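Accompanying notes for the structure given below.
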Amino acid sequence: MTYLVNEKCIKCKYTDCVEVCPVDCFYEGENMLVINPDECIDCGVCEPECPVDAIIPDTDDKDEKWLEVNQKFYKKKETFTNQELIDFIKENEEELKVEYLNFDYAILNPQNLIGVNEFNQSFFDKIDQIEADIANGISFENIANNLDLPITKKIDFKLSSDSSEIEKKIYASKDNDFDILENNDDFILYKINEIYEKEPNLKDNKTKKCRKYSFRHKLRGSRRNS
């Protein structure tokens, strides 16, 4: 017997299961984790740790599909064929779609708002005015242009372990499409322009090979902090 990860893990941000696995048999897919059945030692310590109940034993016939998902997604890159991937994605099209964002942001700090490197009352008055402008329906572009702020544009952004801290925080705040958030000593003015889903990209190596990470460090931060 082995354990499997099912559809409840899709877009889950928790990695409690990974932290307790004694053999590191979890791998990262496009939008979920999977277990390598050949590496799983059937210890069962991960099952109660999953907060969304996505880890199950492979003894239930109705979960045979998810055994296939786990088996296929840990395979090494060189063992995949493009046709195998195409067939698999077609069969699981909706469940495997990946979320993408288009957004703009500008960094707010004392230097670019008031011309000095000092967090004084004038700076916080500027922040208050920007928040008031947002509440009054002033557009992101008008606010940024009026303050002569450099704008960073992100197109087809997909959250990954390589995303910057600013990108992760904007992604985590995506339900609020226009706002200010804090990032260390800076404030970030951001605007989510579009949220959409696409099928996995077969040219992306992450689709062909679920890369194994030191989850206790990299993946834990990228998922939980998002």
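The values are calculated or read from the model by the stated rules, or taken from the named source; none is laboratory data. Computed from a prediction, not measured in an experiment: that's the story for all the values here. Please note: Cβ atoms are built from the backbone with ideal geometry, for glycine as well, and neighbour counts cover all protein chains shown. Areas reflect the complete protein model, heavy atoms only, side chains present, ligands, DNA and RNA absent. Shrake-Rupley method; radii C 1.70, N 1.55, O 1.52, S 1.80 Å.
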Please give the number of the condition Phe215 fails out of (1) under 18 Å from the mean Cα position of the chain (by Cα); (2) open to solvent by 40 Å² or more (accessible area, probe 1.4 Å); (3) modelled with pLDDT under 95. (2)
Restricting the stretch 29-51 to residues that are open to solvent by less than 30 Å² (accessible area, probe 1.4 Å) and not in a loop (DSSP other than H, G, I, E, B), which is farthest from Lys198 (Cα to Cα)? Ile35
Pro150 versus (1) without any contact (Cβ under 8 Å) to a residue 12 or more places away in the chain; (2) surrounded by fewer than 13 Cβ atoms within 10 Å (Cβ to Cβ): which is the lone unmet condition? (1)
Quick check on my filter: what residues within the stretch 111-141 are open to solvent by less than 80 Å² (accessible area, probe 1.4 Å), part of a helix (DSSP H, G or I) and polar (S, T, N, Q)? Asn112, Ser122
May I ask you to list the residues in the stretch 153-177 that are in a helix (DSSP H, G or I) and open to solvent by less than 30 Å² (accessible area, probe 1.4 Å)? Ile166, Glu167, Lys168, Ile170, Tyr171
Yes or no: the stretch 8-17 includes at least one residue that is open to solvent by less than 70 Å² (accessible area, probe 1.4 Å), at pLDDT below 75, part of a loop (DSSP other than H, G, I, E, B) and among the hydroxyl-bearing types (Ser, Thr, Tyr). no
Every residue in the stretch 54-77 that is open to solvent by less than 70 Å² (accessible area, probe 1.4 Å) and at pLDDT 70 or above, please. Ala54, Ile55, Ile56, Pro57, Asp58, Trp66, Leu67, Glu68, Val69, Asn70
